[in-house]
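Since the structure comes first, as structure tokens, the remarks are kept for the end.
The values are calculated or read from the model by the stated rules, or taken from the named source; none is laboratory data. A quick note: this is a predicted structure, and the numbers were derived from the prediction, not measured. All Cβ positions, even for glycine, are placed from backbone atoms using ideal geometry, and neighbour counts span all protein chains on display.
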Amino acid sequence: MGAPPTSIRRLLLEDGPPQGTPTLQRLPGRARPRQDALRECEAEAAEMRGYIPRVLWDFLVPDLTRVFRWRVQLDCGCIPEVLTLGDGTPPHDVQWKEHVHESQLPHGQMICWHDNSPSAPYRVIAEWGERREVTFPASAVEPPGGIDPNAWALIRHDEPHTSAFWKVTLTCGHVEEAVAPSLDWTPDSGLDRAPPHRVLQMSAEFEKAWRSNPELQTEQDRDHTRRMLVDGWPSPQPERLCYSCPQVRMITAYERVGWLVPRQKKAEKTVSRAPTPSRSALERRLQRAEAVAKRLRAELDDLE
């Protein structure tokens, strides 16, 4: 069990907990020492400067003086610390990343790994995204452990081969990858389906295999296989396992910790005052003022 590490590096979840509005409150426990968090972030920023061109530092390396610390409580009970740029956006309004595809999670969700999490569920593909190609070497002659030699002989590749992988967004809002049936396939190509007689034959073969070996597939995988058979065994399959769903947690509450780098207090403006004059200087000023007043009284008398 664990919480996502502090880092300076964001559709609704199917069958997930309802999304309430997280509350700002005092959370159990205490934040770790600020110097520890600062030391970690400084090391990470230094590492980033090592592989990012200097001209891009201002854009890609976070300014640590603008980093604000938070503690968040997840619905699993864990309380990790997170960082944001500035203190104006609360953690549940940030889209955090998952750690496999570096894709953004829906608002209010974070990854928190637990060993006792349920298995990955099947989700329907809602959107096809970026494409990449991967070239694989020729397959080994001997089958990997646990694979039937006869089955391995059918699926192994004698020569290097290239496959196209597409990033797909599932109906839960999470991102996975799907393998295209061919390099020239695109989402506009649609799904290929097996002939009806072949689907009936496959259905009978699967049922026979399940009866002879009940451990061949889990109940979840059997249900998925049956759905694909009912749909005509489409290629590529419109469902994918979502490995984020079992590890996604909802933010239920949060606490402000403070700036990673303490803000400098603004110096108070001091009003400059002229030095206090001496007694003799004040007496001379008074005498001059009295002489002026005497002259003005005389001028008033002449006017009258």
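Being modelled with pLDDT of 95 or more, outside any strand (DSSP E or B) and at negative phi is a description that does not apply to residue 8.
Of the residues 14, 102, only one is under 15 Å from residue 250 (Cα atoms) and either modelled with pLDDT under 95 or not acidic (Asp, Glu) (or both); which? Give the derivation first.
On the way: 102 fails: under 15 Å from residue 250 (Cα atoms).
Just one listed residue meets the conditions, 14.
Tell me whether the stretch 205-217 contains one or more residues that are polar (S, T, N, Q), surrounded by 10 or more Cβ atoms within 10 Å (Cβ to Cβ) and at pLDDT below 95. Give the steps one after another, and end with the answer.
Here is the first cut: in the stretch 205-217, the residues polar (S, T, N, Q) are 212-213, 217.
Restricting the remaining residues to those that are surrounded by 10 or more Cβ atoms within 10 Å (Cβ to Cβ) gives 217.
Of the ones still in play, those that are also at pLDDT below 95 are 217.
Among the residues of the stretch 205-217, at least one is polar (S, T, N, Q), surrounded by 10 or more Cβ atoms within 10 Å (Cβ to Cβ) and at pLDDT below 95, which makes the answer yes.
Within the stretch 33-78, restricting attention to residues that are surrounded by fewer than 17 Cβ atoms within 10 Å (Cβ to Cβ) and of a type in the set (Val, Ile, Thr), the residue that is farthest from residue 247 (Cα to Cα) is 55. Evaluating residue 109 against the criteria (1) surrounded by fewer than 16 Cβ atoms within 10 Å (Cβ to Cβ); (2) at pLDDT 90 or above leaves one unmet condition, (1). Among the residues of the stretch 240-257, write down those that are under 28 Å from residue 187 (Cβ atoms) and in contact with a His (Cβ under 6 Å, 6 or more places away or on another chain). The answer is 242, 244.
Residues that are of a type in the set (Ser, Thr, Tyr) and more than 30 Å from residue 107 (Cα to Cα) number at least 2 in the following strands (runs of 3 or more DSSP E) confined to the stretch 137-247: 161-170.
Results for (1) more than 29 Å from residue 164 (Cβ to Cβ); (2) charged (D, E, K, R); (3) under 32 Å from the mean Cα position of the chain (by Cα), shown as yes or no for each residue.
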| site | (1), (2), (3) |
| --- | --- |
| 186 | no, no, yes |
| 193 | no, yes, no |
| 196 | no, no, no |
| 202 | no, no, no |
| 205 | no, yes, no |
| 220 | no, no, yes |
| 227 | no, yes, no |
| 232 | no, no, no |
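Please tell me if residue 252 is of a type in the set (Ser, Thr, Tyr), more than 19 Å from residue 125 (Cβ to Cβ) and surrounded by 15 or more Cβ atoms within 10 Å (Cβ to Cβ). Yes; evaluated as a whole, the condition is true for this residue.
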